[in-house]
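What follows is a set of notes on a single structure, which appears directly below.
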Protein chains: 2
Amino acid sequence: MRQPPDRRQPAARPGVDRRNGASLAMVAARAGVSVATASRVINGVANKASAETAERVRAAVADLGYRPGSVGRALRRQESRIVGVLAANLANPSMAAIASSIEWSLRGEGLVMSLCDTHERADVQDEYIREMRAQLVRAMIFVGAVDSPALDEVRADGDTLVFVNRPDPGDPTSPYVGIDNVAAGAEIAERILERGVRRIGVLHASLDRTAGHWRLLGLFDRLQAAGIDTASLPRASGPGLDHIVIGYQGMARLLELPVPPRVVVCLSDLLAYGAYRRAREAGLEVPGEVAFFGFDDNPINPWIADWLNSVRVPSDHYGPAIVALLQQLWRGERPPPLYLTHQLTMRSPRLPG
Amino acid sequence: MRQPPDRRQPAARPGVDRRNGASLAMVAARAGVSVATASRVINGVANKASAETAERVRAAVADLGYRPGSVGRALRRQESRIVGVLAANLANPSMAAIASSIEWSLRGEGLVMSLCDTHERADVQDEYIREMRAQLVRAMIFVGAVDSPALDEVRADGDTLVFVNRPDPGDPTSPYVGIDNVAAGAEIAERILERGVRRIGVLHASLDRTAGHWRLLGLFDRLQAAGIDTASLPRASGPGLDHIVIGYQGMARLLELPVPPRVVVCLSDLLAYGAYRRAREAGLEVPGEVAFFGFDDNPINPWIADWLNSVRVPSDHYGPAIVALLQQLWRGERPPPLYLTHQLTMRSPRLPG
DNA sequence: CTGCCAAGGGAAATCGATTACCCTCTTGCG
DNA sequence: CGCAAGAGGGTAATCGATTTCCCTTGGCAG
């Protein structure tokens with residue numbers, strides 16, 4: 001970590017001249033005990049040191065400002081204190097917020113987060129999975145996983161995996177934390193139906209195994225139950241990861257229809273932002289002439305996007321929920337999917353149409 | 001990493017029964033060479049293996065799907081492939097975007113990001129600094145550092161440190177990457193002055209050694225040069241980290257003044273969002289009756305906040321710039337501050353007042 | 001023919017912490 | 001009194017990869 005790497009001259013005596021603070025050997029030497037005893041005191045192994053010895057070791061630790069090196073420990077235990085978090089798209093503020101929540105909760109457990117952005121690409125995800133494995137991570141958390149060979153490997157090997165917001169594409173029974181996307185979609189349908197609106201449109205990005213897929217399922221199921229032919233509802237989408245642009249372009253297509261929708265359900269807030277812009281450019285009043293529904297409920301919505309009805313994803317609850325799930329997994333349990341409570345905030349309760 | 005930790009029964013033969021894929025010993029055995037030779041082939045040490053031997057080793061690597069374990073390597077080299085990124089506040093989308101850019105660039109170098117959120121707290125930052133050190137990180141990148149004892153230690157020890165967007169609070173000559181906040185502040189002043197506006201207000205969060213401090217400096221310097229008494233300009237601030245709320249409350253106070261400002265300079269976009277909301281609640285037209293300036297230029301601004309003039313911080317350029325700086329530092333150079341180009345986007349060119 | 005150097009490659013030390021195994025005392029109990 | 005159990009603590013193996021010494025062989029110049 002220092003600038004002149006200079007590894008030519010290893011330290012003669014144990015730990016002396018170490019760059020990285022004190023080593024266990026130094027602590028042991030200072031306390032006049034063996035490294036074994038020092039290690040046991042530090043790790044609180046009972047019946048292995050007299051009160052007086054333990055005190056000497058603790059004093060040495062304090063004097064030297066010793067902190068156990070994570071690397072040596074990880075090598076011996078074949079397990080580090082790192083938890084890998086693989087997010088599909090950090091540019092999405094919703095995923096960033098979840099990552100932040102995870103980080104904070106892991107810290108409370110003495111764990112460290114290593115954060116990766118897979119950009120929704122299987123090859124990148126695989127590269128990261130292998131690297132996390134090489135780091136002997138204690139668990140891997142996928143905030144939006146994609147199907148990939150290495151994912152199959154680690155699943156088969158019994159590694160501790162948690163899938164957030166998007167179920168394991170390869171095994172629906174894998175541990176899951178997130179909102180109930182199907183129920184949330186149905187809830188939007190409910191709000192629309194009870195207001196009698198029928199000119200409904202949908203905007204989405206890729207639906208391939210994403211949360212959007214389930215959101216749409218819930219929405220359509222409920223609409224269909226009310227006698228609406230969902231197959232004929234106008235929909236628009238687009239390629240890429242930039243939801244805002246997809247929303248803008250998709251809305252443009254919806255507006256070209258002979259009978260444009262009056263209520264547009266966007267499967268993410270970002271899509272709604274882009275769509276909003278397009279609607280305004282078309283001279284439409286929002287939410288007077290066209291209203292929007294979104295998902296995630298970005299915290300800025302109440303401040304500068306009060307036209308957007310959105311399903312609040314409780315980012316802050318993800319970290320604690322995931323940590324709780326991890327602990328169950330480490331105890332050997334096989335916990336059921338953990339659904340966090342979402343809430344649909346109606347900022348424009350009166351819908352046009 | 002697996003569920004039954006079960007370390008009681010160590011593998012009898014080297015690497016057999018390993019949970020984590022192949023080890024170097026297995027590769028060496030399969031290729032019929034020593035681990036030393038295998039290691040040298042894998043690391044491309046010249047003149048240490050015949051072409052034929054090298055080929056056998058590479059074949060064994062491919063057969064076994066071997067990947068070097070990062071932990072063993074880190075222990076031996078006293079340096080891991082991890083780079084610690086300590087961000088002051090991940091809830092700020094601007095910092096999250098920078099972290100994302102850093103992550104992507106580090107990946108290009110075969111490095112891994114470990115991301116921490118210090119919440120602007122010295123004690124949390126210290127805890128993370130020590131943990132990163134225990135991980136033998138190759139460098140630490142501070143996206144908004146606060147003054148703290150452990151920071152002084154690592155600086156004194158010559159660890160590789162990079163300060164992003166906020167200079168090292170303890171040593172202004174430490175490596176820096178970010179926009180020129182002073183110049184950006186001055187640029188806003190320039191735009192305001194050339195339109196003849198004099199009823200100027202300022203909203204900011206804590207200024208203590210933050211980027212805001214320098215932004216304000218540049219703004220005031222330029223205003224003062226134009227004969228404006230900056231000391232008497234209305235300003236508002238508030239405690240905490242939630243810039244939106246601070247902006248909302250601060251704007252409330254500005255609007256209570258006998259002569260409320262017509263142009264409000266917010267030292268971050270989030271402050272402007274909160275202030276916008278308050279202005280609208282007061283029945284003011286934005287930007288007709290009161291206009292706003294912000295910093296960071298959140299990517300959503302052009303879509304749903306077209307009333308906001310903002311200084312674009314080129315998040316995407318941070319990663320490459322930081323990696324370039326790191327490489328200079330690792331070569332032993334002492335690079336000067338690296339200023340990224342910012343750009344003030346005027347979305348409401350006509351200012352009220 | 002001798003000495004030297006380079007190429008090729010192996011044995012073993014090393015990084016730091018954990019832990020199995022062993023040894024030595026006490027102490028308590030039959 | 002004898003002996004088992006447990007407290008207290010040291011020695012050394014171990015995790016996986018890197019790297020320092022070595023050793024051997026050939027080739028080539030002197």
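The values are calculated or read from the model by the stated rules, or taken from the named source; none is laboratory data. Owing to the predicted nature of the structure, the values given are computational and were not obtained by experimental measurement. Every residue, glycine among them, receives a Cβ derived from its backbone with ideal geometry; neighbour counts consider all protein chains shown. Heads up: the accessible areas ignore ligands, DNA and RNA and are worked out on the full protein's heavy atoms, side chains in. Shrake-Rupley method; radii C 1.70, N 1.55, O 1.52, S 1.80 Å.
In this entry, B:Ala134 passes the filter for residues that are without any contact (Cβ under 8 Å) to a residue 24 or more places away in the chain and either over 18 Å from the mean Cα position of the chain (by Cα) or at negative phi (or both).
Applying the selection to segment A:149-179, what residues are on the phi > 0 side of the Ramachandran plot and in contact (Cβ under 8 Å) with a residue 40 or more places away in the chain?
Initial filter on segment A:149-179 (on the phi > 0 side of the Ramachandran plot): A:158, A:165, A:178.
Of everything in segment A:149-179, those that are on the phi > 0 side of the Ramachandran plot and in contact (Cβ under 8 Å) with a residue 40 or more places away in the chain turn out to be A:Asn165, A:Gly178.
Among the residues of segment A:180-191, is there at least one that is out of contact with any helix residue (DSSP H, G or I) (no Cβ under 6 Å at 6 or more places or on another chain) and without any contact (Cβ under 8 Å) to a residue 12 or more places away in the chain? No: segment A:180-191 contains no residue that is out of contact with any helix residue (DSSP H, G or I) (no Cβ under 6 Å at 6 or more places or on another chain) and without any contact (Cβ under 8 Å) to a residue 12 or more places away in the chain. For segment B:219-231, state whether one or more residues are crowded, with 21+ Cβ neighbours inside 10 Å and within 19 Å of B:Leu308 (Cβ to Cβ). Yes, segment B:219-231 contains a residue that is crowded, with 21+ Cβ neighbours inside 10 Å and within 19 Å of B:Leu308 (Cβ to Cβ).
Return the residue satisfying two criteria in turn: it lies in segment B:94-103 and is of a type in the set (A, V, I, L, M) and out of contact with any helix residue (DSSP H, G or I) (no Cβ under 6 Å at 6 or more places or on another chain), and of such residues it is nearest to the other protein chains (Cβ to nearest Cβ).
B:Ala99
Quick check on my filter: what residues within segment B:163-185 are hydrophobic (A, V, I, L, M, F, W, C) and open to solvent by less than 10 Å² (accessible area, probe 1.4 Å)? Matches in segment B:163-185: B:Phe163, B:Val164, B:Val177, B:Ile179, B:Ala184. Considering each residue of segment A:11-25 in turn, none proves to be open to solvent by 50 Å² or more (accessible area, probe 1.4 Å), over 40 Å from the mean Cα position of the chain (by Cα), modelled with pLDDT of 50 or more and closer than 23 Å to B:Asp159 by Cα.
Listed by first and then second residue, the pairs with beta-carbon distance under 7 Å, at least 6 apart or on different chains, first residue in segment A:39-50 and open to solvent by 60 Å² or more (accessible area, probe 1.4 Å), second in a helix (DSSP H, G or I) and near DNA strand C (Cβ under 7 Å from one of its atoms), are A:Lys48/A:Arg40.
Restricting segment B:293-335 to residues that are facing chain A (nearest Cβ under 9 Å) and among the aliphatic types (A, V, I, L, M), the residue that is nearest to the chain's Cα centre (by Cα) is B:Leu329.
Give me the strands (runs of 3 or more DSSP E) completely within segment A:109-172, filtered to those with at least 1 residues that are under 24 Å from B:Arg73 (Cα atoms), ordered by residue number.
It comes to A:112-117, A:139-143.
Answer with yes or no whether A:Ala91 is among the aliphatic types (A, V, I, L, M) and within 12 Å of chain B (Cβ to nearest Cβ).
Values: among the aliphatic types (A, V, I, L, M): yes; within 12 Å of chain B (Cβ to nearest Cβ): yes.
Judged against the criteria, A:Ala91 is a match.
In a residue-by-residue description of segment B:262-276, the property of being crowded, with 19+ Cβ neighbours inside 10 Å and over 21 Å from B:Arg215 (Cβ atoms) applies to no position.
Restricting the first member to segment A:261-275 and to residues that are within 14 Å of chain B (Cβ to nearest Cβ), and the second to residues that are aromatic (Phe, Trp, Tyr) and open to solvent by 10 Å² or more (accessible area, probe 1.4 Å), the beta-carbon pairs closer than 7 Å and six or more apart or on different chains are A:Tyr273/B:Trp303; A:Gly274/A:Tyr248; A:Gly274/B:Trp303; A:Ala275/A:Tyr248.
Can you spot a residue in segment A:50-58 that is within 12 Å of DNA strand C (Cβ to nearest atom) and under 29 Å from B:Arg76 (Cβ atoms)? Among the residues of segment A:50-58, at least one is within 12 Å of DNA strand C (Cβ to nearest atom) and under 29 Å from B:Arg76 (Cβ atoms), which makes the answer yes. Please find, among A:Ala91, A:Ala97, A:Ala59, the residue that is free of Cβ contacts under 8 Å to residues at least 40 places away in the same chain, of a type outside the set (Lys, Arg) and open to solvent by 20 Å² or more (accessible area, probe 1.4 Å). Checking each option against the conditions leaves just A:Ala59. Given the structure, is A:Thr345 in contact (Cβ under 8 Å) with a residue 24 or more places away in the chain, hydroxyl-bearing (Ser, Thr, Tyr) and open to solvent by 60 Å² or more (accessible area, probe 1.4 Å)? Here the answer is no, as A:Thr345 does not meet what is asked.
Tell me, yes or no, whether segment A:312-323 has at least one residue that is free of Cβ contacts under 8 Å to residues at least 60 places away in the same chain and open to solvent by less than 80 Å² (accessible area, probe 1.4 Å).
Narrowing segment A:312-323 to residues free of Cβ contacts under 8 Å to residues at least 60 places away in the same chain: A:312.
Checking the rest, the ones that are also open to solvent by less than 80 Å² (accessible area, probe 1.4 Å) come to none.
Checking segment A:312-323: not a single residue is free of Cβ contacts under 8 Å to residues at least 60 places away in the same chain and open to solvent by less than 80 Å² (accessible area, probe 1.4 Å).
For A:Val83, the conditions (1) within 25 Å of A:Ala272 (Cβ to Cβ); (2) over 11 Å from the mean Cα position of the chain (by Cα); (3) buried (at least 24 other Cβ atoms within 10 Å of the Cβ); (4) within 14 Å of chain B (Cβ to nearest Cβ) are fulfilled apart from (1). As for segment B:186-199, it holds at least one residue that is β-branched (Val, Ile, Thr), out of contact with any His (no Cβ under 9 Å at 6 or more places or on another chain) and buried (at least 18 other Cβ atoms within 10 Å of the Cβ). Against the condition hydrophobic (A, V, I, L, M, F, W, C), touching a residue at least 40 places away in the same chain (Cβ under 8 Å), more than 13 Å from DNA strand C (Cβ to nearest atom) and within 14 Å of chain A (Cβ to nearest Cβ), how does B:Ala74 come out, does it pass? Considered against the rule, which asks whether it is hydrophobic (A, V, I, L, M, F, W, C), touching a residue at least 40 places away in the same chain (Cβ under 8 Å), more than 13 Å from DNA strand C (Cβ to nearest atom) and within 14 Å of chain A (Cβ to nearest Cβ), B:Ala74 comes out as no. When A:Glu281, A:Glu256 are checked against the criterion of being more than 28 Å from the chain's Cα centre (by Cα) and within 14 Å of chain B (Cβ to nearest Cβ), a single residue qualifies: A:Glu281. Once segment A:104-162 is narrowed to residues that are more than 27 Å from B:Ser23 (Cβ to Cβ) and open to solvent by 50 Å² or more (accessible area, probe 1.4 Å), the residue that is farthest from the other protein chains (Cβ to nearest Cβ) is A:Asp147.
B:Leu207 - would you say it is in a loop (DSSP other than H, G, I, E, B), open to solvent by less than 60 Å² (accessible area, probe 1.4 Å) and assigned by TED's automatic domain parsing to the domain that holds B:Asn309? Yes, satisfied.
Scanning segment A:18-64 for residues that are within 13 Å of DNA strand D (Cβ to nearest atom) and acidic (Asp, Glu) yields a count of 2.
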